[in-house]
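The values are calculated or read from the model by the stated rules, or taken from the named source; none is laboratory data. Source: prediction; values computed, not measured. Quick reminder, even Gly has a Cβ in these numbers, built from the backbone with ideal geometry, and neighbours come from all protein chains shown.
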């Protein structure tokens, strides 16, 4: 899993005062991506719905803290692996 949050211990550190130290984690397994909230203060939101755990699909909007992240990843032959997937940041 990849943990997102404000803490130095997170694999993906995001300096956003609205994020918890450990906000959520992303899991990449069997050609699927899932997000799980880590009991954050302000919640983890997918497509405007607060979630505890949910799958993420290309085009979904993950909202954590003060930012929206549009999910984008590739799983085809010769494409980026899930671990090399990325999020496009769009400020709220």
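A few comments on the model shown:
- Index of the failed condition, residue 17 passing every other in (1) part of a loop (DSSP other than H, G, I, E, B); (2) modelled with pLDDT of 95 or more; (3) touching a strand residue (DSSP E or B) at 6+ places or on another chain (Cβ under 9 Å): (3)
- Filter result for the condition that a residue is in a loop (DSSP other than H, G, I, E, B) and either exposed (fewer than 13 other Cβ atoms within 10 Å of the Cβ) or modelled with pLDDT under 95 (or both), over 8, 90: 8
- Note on segment 40-52: among residues that are in contact with a strand residue (DSSP E or B) (Cβ under 8 Å, 6 or more places away or on another chain) and part of a strand (DSSP E or B), the one that is surrounded by the most Cβ atoms within 10 Å (Cβ to Cβ) is 44.
- Subset tally (residues that are surrounded by 18 or more Cβ atoms within 10 Å (Cβ to Cβ) and closer than 14 Å to residue 62 by Cα) for segment 15-39: 8
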